[in-house]
Amino acid sequence: MGYTLAQKIIKNHLVCGEMVPGKEIGLRIDQTLTQDATGTMAYLQFEAMGIERVKTELSVAYIDHNTLQNGFENADDHRFIQSVALKRGIRFSRPGNGICHQVHLERFGVPGKTLLGSDSHTPTGGGIGMLAMGAGGLDVAVAMGGGTYYIPMPTIVKIELKGRLRPWVAAKDIILEVLRIMTVKGGVGKIVEYCGEGVKSLSVPERATITNMGAELGATTSIFPSDEITRAFLKAQGREDDFTPLSADEDAVYDEEITIDLSTLKPNAAMPHMPDKVKTVEEIGPIKIDQVCIGSCTNSSLYDMMKVAAILRGKTVAPTVSLSIAPGSKQVLTMLAENGALADMIAAGARILESACGPCIGMGQSPNSGGVSLRTFNRNFEGRSGTADAGIYLVSPETAALSAVTGVLTDPTTLGDMPDFALPERFLINDNMVLLPDAPADAAKREILYGPNIKAVPTGKPLEDTVSGEVLLKVGDNITTDHIMPAGAKILPYRSNVPYLSQFCFGVCDKTFPERAKKAGGGMVVGGANYGQGSSREHAALVPLYLGVKAVIAVSFARMHKANLINSGILPLTFKDPADYDLIAQGDEIELKDIKNAVISGADAILVDKTAGREIPLKTGFSEREIGILLAGGKLNYTAQNR
């Protein structure tokens, strides 16, 4: 029996464990990336470990999230990250160089390598055949120090692509179709592997769009083969030597198979407020729109931007619509300026934003109250845009650009013939905005620069024999990290200041939560299925830890968030019978009796609901390593004890 592509890369990087689905495996990490919304905390954690120099083949620190400098906080974080990066052997991508995933795909990604990033959309690298995974900042910090990265061995889903896309139907429509089929829960514990003749018709930027939004499936990662399309892209980037042909064995066996005929797809849109709430643009109809935002790590490549420019050329944005466009990298922006496409966008009335995440992370461009915004982004969670009652739709750049002109949601296949959009034989290469780290001798002299907003990392306490407290909050299914720890321009500057950040915890669900948690001296949270989906942000665990949350009891967890809870020393427990979720109420006084022994032995934990007078069994089932982390009160404590 042969191996799938993902299994081959895992096998080549396996440090420990068996490749049996669900069993914990340890992987060697070749490359890491961080961004500035999670990076400050990751580098504080790296510094706490006392390691002089990173041990990966390549590590890059990007500044792309917190680029709005309305106060000193973001600028101080950037200065701190730069000083750590240059001292510790990390390349530093300066503000304005572009979005981490777009730049990494262009300049650093290598087929067959492992990439771990402190951002959930790190799987973008799967577009060139990398095993690229998002993780919490602490896991990335450990990997930078040469540590092993642990995950449950995923099952492998084969998605066979047949045929080819019709004119004006896009890669975004493919991944939205996958989300419609699999849902935001459907990829948990899985790697999605794309195969079939249809793959050969997709460029690397199109493949990267698909792997990028695989994060919305909850998947560990997504991956495409590395083929002649990959070679051509790397050659155009001046990196043909990085090419390695990679594909699944012909006799590879998959755990699940899905077939999609690309020729049958129509332009899709994800409706408010979830990426899997997908209908065709035709089904939704010509709804009036107020705003269009084009960009993000999902759809900001040169390939995407050239299509947008072609649609806008000679036209004017509708008077009722605000259109913003953010090219994904300095490379893309410069090439648009040189070939005239940028002038076409500006002439049409587009507002050109810097090459950064911007509106996707809630950093500006919030729509009007009750407004409808079409976005080429990857998430449309409630409130993420910065406007609580806005309706956010996720669409392709083609749909977005045409709709900006018509003023209503419009199917781009009505445009007729499509020009041939080909990638250049050679991209403009200028890495002058990437700073190389100091040589070891010079690094010893470099000072790490802290700012007054940068506070110490919260650490947990060793697990007690019995844990008790109030159910501080009960929430439903698909609670995202945006619900737990919101983003946006008002909050992101405080990612390095957990005490200040804590006042916004669960603000989308219950603005009273922080004050109640403090008054109660901490407690527990109860959640539904897929708790913690979305971002890799470990702040969604660190901030509850700071507020005294001792355990989260849920029907099921998203992979990255569960790992972040364990790393923070918060117990993630699941109901043995999902129906028992209904038996607990917010405000109940509960006790996890003899929980320490249950965690150690792997036996069921017993939740005693003192208010309701009942006992409820909970599943533990942690690996030996996870048990050690929980007993120590978090991964920082555990790492210090086992150094």
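The values are calculated or read from the model by the stated rules, or taken from the named source; none is laboratory data. The model shown is predicted, which means the values in this text are computed figures rather than measured ones. Glycine also receives a Cβ, built like all others from the backbone with ideal geometry; neighbour counts cover every protein chain displayed.
Just a few scattered comments:
- Per-region count, segment 320-338, residues free of Cβ contacts under 8 Å to residues at least 24 places away in the same chain and not hydrophobic (A, V, I, L, M, F, W, C): 0
- Any hit, segment 529-537, residues being of a type in the set (Ser, Thr, Tyr), modelled with pLDDT under 95 and either over 22 Å from residue 510 (Cα atoms) or surrounded by 23 or more Cβ atoms within 10 Å (Cβ to Cβ) (or both): yes
- Scanning segment 492-512 for residues that are among the hydrophobic types (A, V, I, L, M, F, W, C) and over 29 Å from residue 43 (Cα atoms) returns a single hit, 509.
- Residue list for segment 126-150, restricted to those being within 22 Å of residue 41 (Cβ to Cβ) and either surrounded by fewer than 21 Cβ atoms within 10 Å (Cβ to Cβ) or not hydrophobic (A, V, I, L, M, F, W, C) (or both): 134, 136, 137, 139, 145, 146, 147, 148, 149, 150
- Filter result (among the polar types (S, T, N, Q), assigned to a helix (DSSP H, G or I) and within 14 Å of residue 382 (Cβ to Cβ)) within segment 477-509: 481
- Matching residues, segment 614-638, being surrounded by fewer than 20 Cβ atoms within 10 Å (Cβ to Cβ) and farther than 13 Å from residue 566 by Cα: 614, 615, 617, 619
- If you go through segment 50-99 and keep only what is of a type outside the set (A, V, I, L, M), closer than 19 Å to residue 488 by Cα and part of a helix (DSSP H, G or I), you end up with 72, 73, 74, 76, 77, 78.
- Residue match in segment 515-528 (condition: in contact (Cβ under 8 Å) with a residue 60 or more places away in the chain and among the small types (Gly, Ala, Ser)): no
- Filter pass, residue 420 being farther than 24 Å from residue 120 by Cβ and surrounded by fewer than 17 Cβ atoms within 10 Å (Cβ to Cβ): yes
- Single residue of segment 350-370 satisfying the filter (of a type in the set (Ser, Thr, Tyr) and either within 27 Å of residue 313 (Cβ to Cβ) or out of contact with any Asp or Glu (no Cβ under 7 Å at 6 or more places or on another chain) (or both)) that is modelled with the lowest pLDDT: 366
- Within segment 54-95, the set of residues being of a type in the set (Gly, Ala, Ser) and over 24 Å from residue 133 (Cα atoms) comprises 71, 75, 83.
- Unique match (being in the same structural domain as residue 131 (by TED's automatic domain parsing), in contact with a Cys (Cβ under 9 Å, 6 or more places away or on another chain), aliphatic (A, V, I, L, M) and more than 30 Å from residue 196 (Cβ to Cβ)) among 75, 85, 37: 37
- Filtered residue count, segment 50-103, keeping only those that are modelled with pLDDT of 95 or more, of a type in the set (Ser, Thr, Tyr) and either farther than 15 Å from residue 140 by Cβ or under 20 Å from the mean Cα position of the chain (by Cα) (or both): 4
- Filter result for the condition that a residue is on the phi < 0 side of the Ramachandran plot, at pLDDT 95 or above and in a loop (DSSP other than H, G, I, E, B), over 553, 454, 448: 448
- Here residue 9 fits the description: farther than 23 Å from residue 447 by Cα and over 20 Å from the mean Cα position of the chain (by Cα).
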